[in-house]
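Okay, structure first, notes after.
The values are calculated or read from the model by the stated rules, or taken from the named source; none is laboratory data. Remember, predicted model here, so these are calculated numbers, not experimental data. Reconstructed Cβ throughout: ideal geometry from the backbone, glycine too, with neighbour counts over all protein chains shown.
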Amino acid sequence: MSRAATARVVVLSLVAAGLGLWLLGEDEPAPQAARPAADAPEPARAAGRAVAPSPAAPAPTAPAPAAPAAAASAAPPATVTAERDDTYDRCMAFAMADPERAVHEARAWRAAGGGDAAMHCEATARLRAGDGGGGAELLEELGRNAFAPEEVRAALFAQAAQIRLEGGDLTRAYAAVTLALALRPQNPELLTDRAVIAASAGRFQEAIDDLTTAIDLRPFLAEPYVLRASAWRQLGQPALARDDIARALARDPVNQEAWLESGNLRRDGGDARGARQDWEQAIRIAPETATAALAAENISLLGPMPDAPRPSARAPDLPAAVPAAAPTLPVPPPPQRRP
């Protein structure tokens, strides 16, 4: 997948995670009260979800400590909310249409106290501009510090991990998804993500351990079985791998990756003809995918297959040969009588 495609996936995932909507819908979130005083945000950060003030405007101040709880959780005035929404929407529109400009706009907004919303916009713009490393760093910072629910912060770490994986930084990818799991320890998608990263680093037993946990949590999914089968194959356990492929196909008979892995197992077992059949099935399921392309490449590496032996045509039955008569010796003439 290209960097541009990765950026699109990340942006859509961020929206699905609800970060942008949450940033626009909350000004003084409840988690702030639970943080220690030493970790309280600076006044500019606390006002980050409001519209960025002009340089001449005085810095916004945090609510007074003695203010009633109701006042701290009250919604901002409608005009402030509208201005804040417009600022965020404008920044995100630039991120999609002109990411280079959006990076500068978001930086200026952050410097003016734009807070989490500005950082989110800059992360999106960096990803759209092809700066995966810079975008991942901002997502990780948001995951650590954003005033957002745990599931949103976990999603941020998970997206950062995917970007790190795409860039080949397996160490930081594994660290990011582990932080996500610290927030959502029983999440099968995060366990599967970490297993993929571990397998990419050659740590197949760790991948199997995470996948086994994911399967225990959601045994009806086919993907963890396919991934675990691949790990078993890499560890030289083809019987266990075949068992997992059978379970995967029982759950999803048109799972492309399962047919691809089944072909890999047949190839390694010396069954080139069976491998070709499985890979052809993977291609038939979805011909335009990366999995289909990999299956086609595997087929090309097999080379032409010899024709299967054909049964020879039966020769027509011949009539049984009539045995030739045994040659006879000429009978000598009788002796002549003398007169």
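Side notes on the structure shown:
- Residues of the range 117-133 satisfying the condition of being of a type outside the set (D, E, K, R) and within 17 Å of Arg164 (Cα to Cα): Ala123, Thr124, Ala125, Leu127, Ala129, Gly130, Gly132, Gly133
- Residue identified as over 23 Å from Val226 (Cα atoms) and in contact with a helix residue (DSSP H, G or I) (Cβ under 7 Å, 6 or more places away or on another chain) among Gly132, Gly114: Gly132
- Of the numbered criteria (1) aliphatic (A, V, I, L, M); (2) surrounded by fewer than 20 Cβ atoms within 10 Å (Cβ to Cβ); (3) within 20 Å of the chain's Cα centre (by Cα), the one Leu301 fails is (3).
- Enumeration of residues in the range 138-148 that are of a type outside the set (Phe, Trp, Tyr) and within 17 Å of Gly114 (Cβ to Cβ): Leu138, Leu139, Glu141, Leu142, Asn145, Ala146, Ala148
- The single residue among Thr212, Thr171, Thr178 that is closer than 25 Å to Asn264 by Cα, free of Cβ contacts under 8 Å to residues at least 40 places away in the same chain and among the polar types (S, T, N, Q) turns out to be Thr212.
- Out of Ile163, Ile208, sole residue that is more than 25 Å from Arg126 (Cβ to Cβ) and either in contact with a Phe, Trp or Tyr (Cβ under 7 Å, 6 or more places away or on another chain) or assigned to a helix (DSSP H, G or I) (or both): Ile208
Residues checked against (1) modelled with pLDDT of 95 or more; (2) among the small types (Gly, Ala, Ser); (3) touching a helix residue (DSSP H, G or I) at 6+ places or on another chain (Cβ under 9 Å); (4) surrounded by 10 or more Cβ atoms within 10 Å (Cβ to Cβ):
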{"position": "Glu280", "(1), (2), (3), (4)": "yes, no, yes, yes"}
{"position": "Arg284", "(1), (2), (3), (4)": "yes, no, yes, yes"}
{"position": "Ser312", "(1), (2), (3), (4)": "no, yes, no, no"}
{"position": "Pro319", "(1), (2), (3), (4)": "no, no, no, no"}
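- Qualifying residue in the range 155-167 (condition: among the small types (Gly, Ala, Ser), over 15 Å from the mean Cα position of the chain (by Cα) and at pLDDT 90 or above): no
- Flag if Arg247 is surrounded by fewer than 23 Cβ atoms within 10 Å (Cβ to Cβ) and under 19 Å from Ala282 (Cβ atoms): yes
- Residues being more than 21 Å from Leu217 (Cβ to Cβ) and in contact with a Gly (Cβ under 7 Å, 6 or more places away or on another chain) - total across the range 161-194: 3
Residue-wise test of (1) within 14 Å of the chain's Cα centre (by Cα); (2) within 26 Å of Phe147 (Cβ to Cβ).
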residue: Val177; (1), (2): yes, yes
residue: Asn187; (1), (2): no, yes
residue: Asp193; (1), (2): yes, yes
residue: Val196; (1), (2): yes, no
residue: Ala199; (1), (2): yes, no
residue: Asp210; (1), (2): no, no
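- Check on Ala231, touching a residue at least 12 places away in the same chain (Cβ under 8 Å), crowded, with 17+ Cβ neighbours inside 10 Å and more than 25 Å from Thr178 (Cα to Cα): no
- Ala136 being assigned to a helix (DSSP H, G or I) and under 13 Å from the mean Cα position of the chain (by Cα): no
- Some residue of the range 240-258 being under 20 Å from Ala161 (Cα atoms) and among the small types (Gly, Ala, Ser): no
- Some residue of the range 255-274 being part of a loop (DSSP other than H, G, I, E, B), out of contact with any Gly (no Cβ under 7 Å at 6 or more places or on another chain), at pLDDT 95 or above and closer than 14 Å to Val226 by Cα: yes
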